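Structure first, commentary second.
Quick note: the coordinates plus some simple rules give every number you see, no bench work behind them. From a predicted model like this one, the values you see are computed outputs, not experimental measurements. As a convention, Cβ positions derive from the backbone with ideal geometry for all residues, glycine included, and neighbour counts pool all protein chains shown.
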Amino acid sequence: MNPVNYLYLAALLFTIGAAGVLIRRNAIVVFMCIELMLNACNLAFVAFSRMHGNLDGQIIAFFTMVVAAAEVVVGLAIIVSIFRTRHTASVDDASLMKL
Amino acid sequence: MTTTSLAAEASTGEAVQFWILGTVAVLGALSTILLKRAVHSALSLAGTMIILAVFYLANGAYFLGVVQIVVYTGAIMMLFLFVVMLVGVTAADSLKETLKGQRWLAAACGLGFGILLIAGIGNASLKHFNGLGEANAGGNVQGLAALIFTKYVFAFEVTGALLITAAVGAMVLTHRERTERARTQREQSEARIRDGKQVTPLPAPGVYARHNAVDVPGLLPDGTPSELTVNPTLRGRGQIRDVSGESLAELKALEQRSEERLGRSEEAKR
Amino acid sequence: MSFPLLTATAAVPAIGAIATAAVPAAKRTVAKWLALLFSLATLVLAAVVAVRFTPGAKGPFQLTESHAWIRSFGVRYELGVDGIAVALIALTALLVPFVILAGWHDADPMEGPEPNRRWRPTQGFFALILAVEAMVVISFEATDVFLFYIFFEAMLIPMYFLIGGFGDRAGSGGEEHSASLRSQAAVKFLLYNLAGGLIMLAAVIGLYAATADQLGSGTFSLTEIVQARADGKLALGTGTERLLFLGFFFAFAVKAPLWPLHTWLPGAMGESTAPVAVLITAVVDKVGTFAMLRFCLQLFPEASSWATPVILVLALVSILYGALLAVGQRDIKRLIAYASISHFGFIIMGIFAMTSQGQGGATLYMVNHGISTAALMLVAGFLISRRGSRLIADYGGVQKAAPVLAGTFLVGGLATLSLPGLAPFVSEFLVLVGTFSRYPAVGIVATVGIVLAALYVLVLYQRTMTGPVKSEVRAMPDLKARELAVVAPLIALLLFLGVYPKPLTDLVNPAVDHTLSVVDQHDPRPDVPVKADAEAAK
Amino acid sequence: MENLIALLVAAPLAGAALLLCGGRRLDRAGHWIGTLFALASFALAVPLFTELLGRDAEQRTLHQHLFSWIPVGGFQADVAFQLDQLSMTFVLLITGVGSLIHIYSVGYMEHDERRRRFFGYLNLFLAAMLLLVLADNYLLLYVGWEGVGLASYLLIGFWQHKPSAATAAKKAFLVNRVGDMGLSIAIMLMFTTFGTFAFGPVLGAVGETSEGKLTAIGLMLLLAACGKSAQVPLQSWLGDAMEGPTPVSALIHAATMVTAGVYLITRSGAIFNGAPDAQTAVVVVGAVTLLFGAIVGCAKDDIKKALAGSTMSQIGYMILAAGLGPIGYAFAIMHLVTHGFFKAGLFLGAGSVMHGMNDEVDMRRYGGLRKYMPVTFITFGLGYLAIIGFPGLSGFFSKDKIIEAAFAKGGTEGWILGGAALLGAAITAFYMTRVMLMTFFGEERWRKAPTPSPAEPSVEPAAETRGEYTPPHPHESPKSMTIPMILLAVGSVAAGGLFSINEAFVKWLEPVTDFEHGHPPLSASAITTATIVVMVLGVALAYFQYGRKPVPAVAPRGSLLTRAARRDLLQDDFNHAVLVRGGGELTRALVQLDHSVVDGAVRGTAASMGGLSGRLRQVQNGFARSYAVQMLGGAAVLIAATLLMRGV
């Protein structure tokens, strides 16, 4: 088997995650989908590092994780505070960008 | 250990593993985005992540594999679940689309995107893989460490700063300072009188002698449930358990049972 | 390194603009005098330029300055003047002081029932005028296409504020109403010219690309491009050249303005104060026609001669159309605006007649039209400021109440209908002859324009100045000293240039000949060339 | 000596500048200053004349080159003067008659508070007219040509407060502009043909040019002449021009300016000689106009308009003569000069009459004035006799010669032209007699209150005051007015005779306008007698109509022709209907079109832009997820782009 399949898998997962972001209204689920996309990227990185035979890909994946963690923390905090004030976690209700 | 002999070409064992676990991962991802309840999504996502961890290991990223399990499926997913709990375990958002055409657009874009990605990968010449053999020679963790603390040290430091900032930010966002003194009971009652909507204290939840759980609304004299009796958070989650119906059902069941007993007793007479 | 005269000529008004703007709000009069001072200084510098310039010296441009500016794109800060540019710079520098003097009180804070509801920043008014002058001057001097383009466009900004911010108090139907009309006119002016400018920008970039892939390193320098053309190193494809030409020409035709791109002018001139209107038509619009002469023709000779028939027809239409519409106007300033459209038709016709008479005449026409329109428009402005109305119907018999005003108005009008003895006649006749000698039919049709010109001028004069005295007009004061100081020199100039235009023609002729040689056109020979000894024979 | 030529022009020009810029402080002396400058140029003209007489015929051309005016490429226009016999004649006429009329105006304009300005304009006119006749090239001539147009505009509209005057002035200028168009086109043609437009070279090079070109130039020149000299079809302005003060009518619209057309044609004789078709056009115009003017002159009750009609017809004679070529030029000029005298005299007389009659112009309100203003009567009478061609007076000689020349044209053409000329003579006699009788003879109609006349509503009765009618008190005019009249009368009596003494005048002009004797089919004496006979007939007819029976104070409705003639043979109505109204409609339509179509397109674009952006605004619905879709779409597009770029 050719390891390139990992890349296909990553692409697939990424796409699924993206679709999830688009169709789900619950902010938390949207966040999960984002995590899914990030993970897909990580997989790709790892596969690439295997391809090139050096560890930089893994380093990047590592950093991605760190950033993802930070992002999740802040994001969830935001969700919580929004929920507090608006009693909902639906992204559609927070259509504040509209004039 | 197979690390040293981790070749460019994946072994058949790995192939089998890939095909099986890959399928599962995709299913997990799909269920993440398709299941109604946030909890289920979270759990299936966790599953997918674990599988990814396995894949990392298979690709010679042992450190990452472990981190993936520990950090992601351990910490982050727990955080998710925690928030889900906070926001409402059973809060099931309907998958019914509200935005016009959103779903179709999403499908179109998603498909197009995916196809393009895969096409891109397909015609990118990625045939030749030179494995991590020598890269991992001194052990994967040592290799990573060497890189992190030499080449990527600044990025590493910055991520540290980022994490701290994120933590502080999260605190600031979630922590609510009580600025004003809590209102006394008197003041509250006076306020109630003033705006005159709900003069009396709010009625307690629960149906006496049956349910006294906080998510069960009290019944009004006509047997209909009163929203007021349930606390607003539950109301907001839409987690009010209406028991007026089932209590009636239980009553019916009771009568039936009694009839059966009576019937059996009659047979016993014969 | 000699003293950068041209830079100085453009810089002085620019500095003046900043200085004027910096004057504190209370010191209005100081600002006025400062502005006047700087404009006069510019006039002096322009005079120096005219003196230092030696007509007929070899080389297309003189007093040149050249510094690298944006190396990566071969943009150079390159200035230089030929006779045409000198004439127009002189015109600009000459008119601006009069404009300032005429607009002395136009930007004072409003008095009246609701005092200073719209406070007009006097400093701003004069600063903007000086800014316009600076930009116009430098775009006359620029021999680098990109440099020219920048100021050609930048000019719009101060003009926009001048038009939109300062109308005459004679707005029909209240300050509010006229203010809205004003801003409409200003926006229209801006968008119209921006559209033209952007199309030109595309063409400029195209030109750069063309030079880049043929000369190796792209350049915007007019001289270099013309030289390369002459050496045959640069040969644009016919299609490319035509497209580029159209891109340039469109912008200039909007600015000029040429029918049917003229509709911004009447609004802009009608709504703005008379001095600003003069600035528009006598100074800023000249950049358009000037640029046709300098850039369109010299950069794209073939395309120019290719487009000539169409352009001539359009010019012809402008001449007659503008004149006829002028006849039909009810608003003095709009009438003058349409008259200007007709005149610009003449100028463009002369430029594209591709004869030395035509182009020399066109250049003279730019100068003379500047002066004559300034005279007419400014007097009209004085008239309007007295009565508080722009409608012709509101006047009548002014001649009796204010004879001097009427007299100057008449002279301005006669200049507009290009009466012999006044400057515009010379240029108009040259244009006509120049056109006629190559395109007789066009020339003959264009002559109808002179009859129409007489019609709209005389009708205007008759309706406003003659006839029984209207009651509102009876107490109208005659021209004040300041106003006379504005008009008298202009009229004197009109007379002088009408009787003795030789200095101007000597200045312009070599430049025109150079242009023609670049375009590779020659005057048609008369079919019976008269021998020099014809006098002797008689 | 040559250097004096420029001064001829400069003197009155200086006067004009002084008077027009001088301001009120010159008001008191203004009229004398103006007169002074006019006389000065006359004083300059006389020594030049003697100088010319001193030389022998071929050397009688002086040139003065001042400076190069418009040098552009092959186009070389100079400010240079040429004084030869032809222009000398004009100079004398202009300055002489001009000075007289200046003097006359001193008295006539006495009570006008804008008298200074009036004299300024008069001086301006003199300058322009002199420039016209002294220029040595067509372009400079054009300057003078338009200059006199301007002066006439200013003077016709001198009483600007009268709308009629302002309108008349505007009309005059516009119609003249049409003519000027012709002149400028002619100059362009000359430039393209010869590469120059100076008299000498152009006329010298006529030989090598194709007849077609010459015909074109000739026709254009004719158009110019029509405009300036009020010839059909551009004659309509002259009648209205009478709105101006009478001295103006005398000087500009009788003696000098209107004859500029004749000068132009005579000056360009060589061109016309080379273009027979153009010549034909000229004679036709002349013949038509001389009848047209005469007929109009018969019908007008306004004394000045009647005289204007007569002017028109007399100039018709001149143009006719000029069209005949070398046999006619000299006589055209001769008639021009004599006409200058007697017509100026007649106008001044008319002015004097009006002066005495409170500016009444309607001849039906005159009558029997001879005893009240004898001098006017006599001078006017002499002018009258001169114009009808009474034997021995100047008009007789000049007109008779023209008629001869017309016959001499030869062939049927000759007969037609001669006939027309004779008929014209008859009508002239008729209407002039009519004027004479209605003004100075018959009952004194002015004693009765006027009844508004339906025939000529345009004439506003200036004399009557509100309430009861006070008849005017006719009186003789002051010396300053009578003296010029007397001098002109002398001129109109003597001039013709003097000129004809062994053809002095013709010989004088011959070097410029080469002259050849015409050979009429009839003997000269026969033609002369015929002329006298028709003249007598005309007088008799007029006498029987106006002398015997009393003249009705209100114009009778009259025959169709009369009514048409009163309205300038409907030519004005035509102009009004076609040009004025049609033009008005056209401009209105164009204004509308400019707003709705041309500008409409622009505004349409703007509006559509607005609409489009409004539509696009809908995309920004504020829902994060739809933005996300757009982002993903964008990303997809980017990937696609990159793939395509990499050339899949």
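How high is the relative contact order of the range C:1-114, given as a whole-number percent (alpha carbon pairs under 8 Å, six or more residues apart)?
Value for the range C:1-114: 27 percent.
For the range C:454-535, what is the convex hull volume of the alpha-carbon atoms per residue, in Å³?
Residue-normalised Cα hull volume stands at 250 Å³.
Going by average Cβ density within 10 Å per residue, which order do the peptides D:364-374, D:333-343 take, highest to lowest?
D:333-343, D:364-374
So which trypsin sites (Lys or Arg not before Pro) in the range C:473-511 end up in coil per DSSP with only 15 or fewer other C-beta atoms within 10 Å?
Answer in residue order: C:Lys480.
When the chain is fully extended, how far beyond the present Cα-Cα distance does B:Glu246 get from B:Glu180, taking 0.36 nm per residue of separation?
Using 0.36 nm per residue and subtracting the Cα-Cα distance, I get 19.4 nm.
Using only Cα atoms, what is the ratio of the radius of gyration of the protein assembly as shown to 2.2 N^0.38 Å?
Here the Cα radius of gyration is 1.36 times the empirical estimate.
List the lysines whose alpha-carbon lies under 23 Å from that of B:Lys36, not counting same-chain residues fewer than 8 positions away?
Leaving aside lysines fewer than 8 places away in the same chain, those within reach of B:Lys36 are B:Lys96, B:Lys100.
Mind checking the mean number of beta-carbon atoms from other chains within 10 Å of the Cβ atoms in C:324-336?
Mean number of neighbouring Cβ atoms from other chains: 3.
Grab the beta carbon distance between D:Glu58 and C:Ile157, set R0 = 56 Å, and tell me the FRET efficiency rounded to 0.05.
0.20
Computed FRET efficiency, Cβ-Cβ of C:Ala441 and D:Ser68, R0 35 Å: what is it to the nearest 0.05?
0.70
According to a simple spin-label model (label point 7 Å from Cα along Cα-to-Cβ), what is the distance in nm between D:Val580 and C:Phe73?
Each label point is offset 7 Å from its Cα along the Cβ direction, giving 6.0 nm.
Could you list the chymotrypsin sites (Phe, Trp or Tyr not before Pro) in the range B:103-209 that lie in coil according to DSSP, counting only those with at most 12 other Cβ atoms within 10 Å of their Cβ?
Qualifying residues, ordered by number: B:Tyr208.
Using the Karplus curve 6.51 cos²θ - 1.76 cosθ + 1.60 with θ = phi - 60°, what ³J(HN,Hα) values do you get for each residue of the range C:188-196, in whole Hz, with x for Gly and Pro?
Going residue by residue, I get 4, 3, 5, 4, 3, 6, 4, 3, x Hz, with x marking Gly and Pro.
Between B:Thr165 and B:Glu187, what FRET efficiency comes out of the Förster formula 1/(1 + (r/R0)^6) with R0 = 35 Å and r the beta carbon distance, rounded to 0.05?
About 0.30, to the nearest 0.05.
Give the dimensionless ratio obtained when the Cα radius of gyration of chain C is divided by 2.2 N^0.38 Å.
0.95
Label-point separation (nm) for D:Leu570 and C:Gln227, each offset 7 Å from Cα along Cα-to-Cβ?
Reported label-point gap for D:Leu570 and C:Gln227 is 7.4 nm.
On each of the three principal axes of the Cα atoms of the range A:1-84, give max minus min coordinate, whole Å, ordered largest first.
49, 24, 12
So which lysines can D:Lys409 reach, going by Cα to Cα under 23 Å and dropping same-chain residues fewer than 8 places off?
D:Lys399, D:Lys401, D:Lys507
Which pairs break 25 Å Cα to Cα here: C:Lys470/D:Lys170; D:Lys304/D:Lys549; C:Lys32/C:Lys255; C:Lys400/D:Lys228?
Pairs exceeding the cut-off: C:Lys32/C:Lys255; C:Lys400/D:Lys228.
Provide a whole-number value for the mean count of partner chain Cβ atoms within 10 Å of the Cβ atoms in peptide D:158-165.
4
Return a whole-number percent for the relative contact order of chain D, with Cα pairs under 8 Å and 6 or more residues apart as the contact set.
Reported as a whole number, the value is 12 percent.
Quick one: in chain D, what % of C-alpha pairs are over 35 Å apart?
Everything past 35 Å amounts to 44 percent.
Output wanted: per-residue J couplings in Hz (rounded whole) for the range D:103-117, from phi through Karplus 6.51 cos²θ - 1.76 cosθ + 1.60, θ = phi - 60°, x for Gly and Pro.
Ordered by residue, 3J(HN,Hα) equals 4, 4, 5, 3, x, 5, 9, 3, 9, 9, 6, 9, 4, 3, 4 Hz.
Which distance in nm do the two modelled labels at B:Phe149 and C:Ser2 give, with both placed 7 Å along the Cα-to-Cβ direction?
Result: 7.2 nm between the two label points.
Check the straight Cα-Cα distances from D:Lys479 and name the lysines below 19 Å, setting aside those fewer than 8 residues away within the same chain.
Here the lysines satisfying the reach criterion relative to D:Lys479 are D:Lys371.
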